[in-house]
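Undergrad: If you scroll down you'll find the structure; I have some questions about it.
The values are calculated or read from the model by the stated rules, or taken from the named source; none is laboratory data. Bear in mind that the values here come from a model prediction, so they are computed numbers and not experimental data. No Cβ is skipped: glycine too gets one built from the backbone with ideal geometry, and neighbour counts run over all protein chains shown.
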Amino acid sequence: MLGGSTFTASWMAAGRRSSRAATRGSASSPAGEQTARPGCGLGRLRHGTWGVSRNHGTVRRHRAIRCGVRNILPTGRAERPWYNRWAAAPPRRAGTVRRPMRAYPAAITLAVASGLLSGSLAGPGGQTPSTKVACASLVYAVNKTSVCFSDRFLKRLEMETKVQTEPQFTRVRLDDMRRLCGFPFAIMTGEGAWRLTEKERINLRYYVENGGFLVASAGCSDPEWVRSFRSEFARAFPGRTLARIPLSHPLFRTVYLIRSLETSQRRHGPQAAALDGLFHKGRLVLVFSSHGLNDTAHAENCCCCGGDEIANAEFVNVNLLAYALLH
């Protein structure tokens, strides 16, 4: 476990002043401009197990957990959506994506700047802790690799929120729990049938129930991979079920406002694309896509030839990573 850290009175006073300034806003900012102000409910959080932030005169504590970190939420009174200023503006083309909403991304930026949302915070593999968010690409079923999943969304999140991310996935074995717990976000994908070992099932359950976030995606909507995942999910999580995630869920508006999930073959009705998820203690910890979130058009040496996948997967994946960091 990481050692605890405390604040001096001067830092706490500075956090109080910056939080009040953030809620009042800035009269000198031009109309329509949204800036990321210090405070935003997050105090100066150092590397360590405990951090302190102020909200309406009270002290709140946030605890770093074993697998990455979570529960770093914006706690100030700045809940007013930035887009209300343009409420009269005509909406964009009906369908997939609107421009990013800046309230939560600003909180992510501040949290990462404080060193709390680092994927390598726990120092996986004995490496020096980094301030960049690192994401894992799972090697599972002994030697099945998660290939053909585009990492382009990592750079897009950095561009939209200023969160520093590792530009590529780190390959991590599912049976290496000690290393996997250094990553707050992991992807699992592939094609064809497969079967986990008992140790991998235990590690998968432990990872998502202790702070990790998993995205499971069938490559090119491969039906064999989908059947294998549902079978292994039943073994790893006995008595649990995957629930449909409605488009009204905060996941679909964390960075981008996503109104629909379009597939490359434009399926509608009962065959329309959707995401399923596993909730643990009220928190979404696993997202499964039978249609595929791989974004293979931007993956090197990959082609979803004749298959189907979610067309706006890049923007969905940005939201998934941002949601995982904020909750």
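Undergrad: Considering only the range 158-171, I want to know if a residue exists there that is touching a Pro at 6+ places or on another chain (Cβ under 6 Å) and either surrounded by fewer than 24 Cβ atoms within 10 Å (Cβ to Cβ) or closer than 15 Å to Asn294 by Cα (or both).
TA: Yes; the residues of the range 158-171 include at least one that is touching a Pro at 6+ places or on another chain (Cβ under 6 Å) and either surrounded by fewer than 24 Cβ atoms within 10 Å (Cβ to Cβ) or closer than 15 Å to Asn294 by Cα (or both).
Undergrad: I'd like to check something: does the range 215-234 contain any residue that is in contact with a Pro (Cβ under 9 Å, 6 or more places away or on another chain), over 18 Å from Cys302 (Cα atoms), modelled with pLDDT of 95 or more and of a type outside the set (Val, Ile, Thr)? If you could, list the steps in order and put the result at the bottom.
TA: Initial filter on the range 215-234 (in contact with a Pro (Cβ under 9 Å, 6 or more places away or on another chain)): none.
The answer is no, given that none of the residues of the range 215-234 is in contact with a Pro (Cβ under 9 Å, 6 or more places away or on another chain), over 18 Å from Cys302 (Cα atoms), modelled with pLDDT of 95 or more and of a type outside the set (Val, Ile, Thr).
Undergrad: Would you confirm, using the coordinates I've provided, whether Leu286 is closer than 23 Å to Gly190 by Cα, touching a helix residue (DSSP H, G or I) at 6+ places or on another chain (Cβ under 6 Å), in a strand (DSSP E or B) and modelled with pLDDT of 90 or more? Walk me through it before giving the result.
TA: Values: closer than 23 Å to Gly190 by Cα: yes; touching a helix residue (DSSP H, G or I) at 6+ places or on another chain (Cβ under 6 Å): yes; in a strand (DSSP E or B): yes; modelled with pLDDT of 90 or more: yes.
It is true that Leu286 is closer than 23 Å to Gly190 by Cα, touching a helix residue (DSSP H, G or I) at 6+ places or on another chain (Cβ under 6 Å), in a strand (DSSP E or B) and modelled with pLDDT of 90 or more.
Undergrad: Going through Asn319, Asn301 one at a time, which residue ends up being within 19 Å of Asp222 (Cβ to Cβ), among the polar types (S, T, N, Q) and not in a strand (DSSP E or B)?
TA: It is Asn301.
Undergrad: Do the conditions hold for Leu180, that is, is it free of Cβ contacts under 8 Å to residues at least 40 places away in the same chain, under 21 Å from Ala324 (Cβ atoms), surrounded by 20 or more Cβ atoms within 10 Å (Cβ to Cβ) and touching a strand residue (DSSP E or B) at 6+ places or on another chain (Cβ under 9 Å)?
TA: no
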